[in-house]
Amino acid sequence: MNIQLVVVTGMVLLGMIPSTNAATPDSLFQEGIDLYHAGNYPSAVETFEKATRVETASGTLQNLGLAEWQRGRVGESVLAWEQTLWFDPFNKAAQGNLQYVRRLAQVETPDLTWYEAVSSALPMNWWTWVAALSFWIAIGAVVLPGIFRRPRTATSQAITAVCLMIFLLTIIAQVGVQTRSRIGFVLAKDALLRLTPTGEAQPIARLQPGEPVRMKKTRGEYVLIRTNRALGWVMRREIGSLCKY
């Protein structure tokens, strides 16, 4: 399988319209694409990151991961593609790239709980809208028959039950979104997992770029993380957060 370049702007999920005097997300995106094709990967990364700060889009994050991969930065590419799926879990290119890179670099996928797996089925900010929509439809199915002096039918009762079930599912999914937001990925090669948050601490293990971690708390320049192997401290700059944007 080959790493895929996405030459589309993708779905814009967050952000505000910039002023006409500033560079637009589309112009920055196209500039990043041009730099990528020219082989200027460091400048492409810088441009894609600038575009993402203006307006977060899955297509921009997807191509940011490609540029990082071309620079040989496995951790940064895995992080960018995971962030792509955080905003757009339907992005097949990012899914395929992650599978390819993880197989090549021999790093694991994040170990998700069942409610986190549920939350990853839709973009993280969709769950609030689904919750609101299902709640008000259920309320309407209960209240409207009384307002219009009509008996409640089996159909309205079924709609109420289904919408309440969906609402409860969204609550579970939003819990999953919150816990998934603590997932991070190792950026530095051979990052030291330390016993205590000091430079002189005893090393516990060496972490590899792209390895998933759970961030627990921070203390100064260090963050307490849990991996599939151990619990310990690493320097904050060596870990990238899934919900950076």
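Key figures
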quantity: The lone exception for Asn125 - which of (1) within 25 Å of Gln178 (Cα to Cα); (2) modelled with pLDDT of 90 or more it fails; calculated: (2)
quantity: Considering residues of the range 193-236 that are of a type in the set (Asp, Glu) and in contact with a strand residue (DSSP E or B) (Cβ under 8 Å, 6 or more places away or on another chain) only, the residue surrounded by the most Cβ atoms within 10 Å (Cβ to Cβ); calculated: Glu211
quantity: Output for the range 96-138, where each listed residue is part of a loop (DSSP other than H, G, I, E, B) and crowded, with 17+ Cβ neighbours inside 10 Å; calculated: Val107, Pro110, Ser120, Leu122, Pro123, Met124
quantity: Inter-residue pairs, beta-carbon under 7 Å, first assigned by TED's automatic domain parsing to the domain that holds Ser134 and in the range 145-164, second surrounded by 10 or more Cβ atoms within 10 Å (Cβ to Cβ) and part of a loop (DSSP other than H, G, I, E, B), 6+ apart; calculated: Pro145/Arg152
quantity: Some residue of the range 168-182 being under 20 Å from the mean Cα position of the chain (by Cα), without any contact (Cβ under 8 Å) to a residue 12 or more places away in the chain and closer than 26 Å to Pro110 by Cβ; calculated: yes
quantity: Positions within the range 49-67 being among the hydrophobic types (A, V, I, L, M, F, W, C) and in a helix (DSSP H, G or I), in sequence order; calculated: Ala51, Val54, Leu61, Leu64, Leu66, Ala67
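The values are calculated or read from the model by the stated rules, or taken from the named source; none is laboratory data. This one's a predicted model, so the numbers in the text were calculated from it and none came from an experiment. When we count neighbours, we look across all protein chains shown, and the Cβ atoms used for this are built from the backbone with ideal geometry, even at glycine.
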